[in-house]
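First the structure, in the form of structure tokens, and then the observations on it.
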Amino acid sequence: MSESIGEPIPSGGEAGKSPPWQERDAWTALADLGESPVLVLAREWPAGLTCLDQPGLYAWWADETGAADLSRGLGFTIEPGRIYAGQAGATKWPSGKTGTNTLGKRIGQMHLGGKVHGSTFRWTLASILFDQIEMQAQAGMVITRSSEQALTEWMREHLSVAVHPHEDRDTLAGLEHAVLERLDPPFNLRHMQPTPVRRRLSELRRRISREVK
């Protein structure tokens with residue numbers, strides 16, 4: 001492919017800066033998460049995937065009913081399809097602290113099996129669906145166990161996920177940024193261009209952070 005994805009993060013090898021990702025890595029990531037994803041239903045996770053002990057990128061999809069639920073919660077139309085993407089296990093820059101997370105831990109333990117306070121994606125979904133699935137607040141950024149269970153059940157019923165393993169933890173954060181710029185998932189907020197959906201989501205997330213006390 002001749003079309004440029006964007007500039008790799010510069011200054012590989014300089015102290016405190018991420019090494020550059022390779023453009024071929026971005027193209028393969030875009031294929032796995034955009035053009036030809038292998039989707040695993042959340043209710044069937046991990047479905048025999050063999051790369052889950054590795055770092056990498058992932059993306060979440062909503063089915064038609066799930067997208068309708070999210071649309072009602074936001075007050076904006078969300079089309080069925082990819083709604084969020086992220087990384088698992090990237091080195092933290094500028095500290096250079098090596099990441100230890102894996103795709104299996106991020107998706108299975110933090111997103112599907114975790115809690116709102118430990119997963120940005122669960123926080124996002126809870127903020128949108130709070131009234132629809134009758135969640136109850138318990139403490140600061142904490143919802144009741146039954147509310148967490150209801151959220152997990154909704155995710156397992158309506159979501160699918162695709163993964164892209166990427167062994168180089170040092171370049172993973174820069175690769176994520178490049179891929180997010182191209183895929184533009186509606187529920188990603190950090191470093192993304194503002195949209196009406198993102199502005200509304202930011203409002204809802206502030207609401208739940210205040211209300212869940």
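The values are calculated or read from the model by the stated rules, or taken from the named source; none is laboratory data. Keep in mind that what you see is a predicted model, and the values were worked out from it rather than measured. Neighbour counts run over all protein chains shown; Cβ positions are idealised from the backbone, glycine included.
Considering only residues in the range 23-39 that are part of a loop (DSSP other than H, G, I, E, B) and in contact (Cβ under 8 Å) with a residue 24 or more places away in the chain, the one that is surrounded by the fewest Cβ atoms within 10 Å (Cβ to Cβ) turns out to be V38. Sub-9 Å Cβ pairs linking a first residue in the range 67-94 that is part of a helix (DSSP H, G or I) to a second residue that is among the hydroxyl-bearing types (S, T, Y), at least 6 apart or interchain, are A67/T77; S71/T77; G73/S127, ordered by first then second residue. When V179, V197 are checked against the criterion of being over 22 Å from D53 (Cα atoms), touching a helix residue (DSSP H, G or I) at 6+ places or on another chain (Cβ under 8 Å), at pLDDT 95 or above and not charged (D, E, K, R), a single residue qualifies: V197.
Suppose the filter is loosely packed, with under 14 Cβ neighbours inside 10 Å, part of a loop (DSSP other than H, G, I, E, B) and either at pLDDT below 95 or in contact with a strand residue (DSSP E or B) (Cβ under 9 Å, 6 or more places away or on another chain) (or both); does S4 pass it? The answer is yes for S4.
Among the residues here, S160 does not qualify as crowded, with 19+ Cβ neighbours inside 10 Å, small (G, A, S) and free of Cβ contacts under 8 Å to residues at least 24 places away in the same chain. Criterion applied to S119, S95, S147 was being surrounded by 18 or more Cβ atoms within 10 Å (Cβ to Cβ), closer than 19 Å to A173 by Cβ and among the polar types (S, T, N, Q), and the one residue passing it is S119.
Checked against (1) at pLDDT 95 or above; (2) surrounded by 14 or more Cβ atoms within 10 Å (Cβ to Cβ); (3) over 18 Å from the mean Cα position of the chain (by Cα); (4) on the phi > 0 side of the Ramachandran plot, G75 passes all but condition (2).
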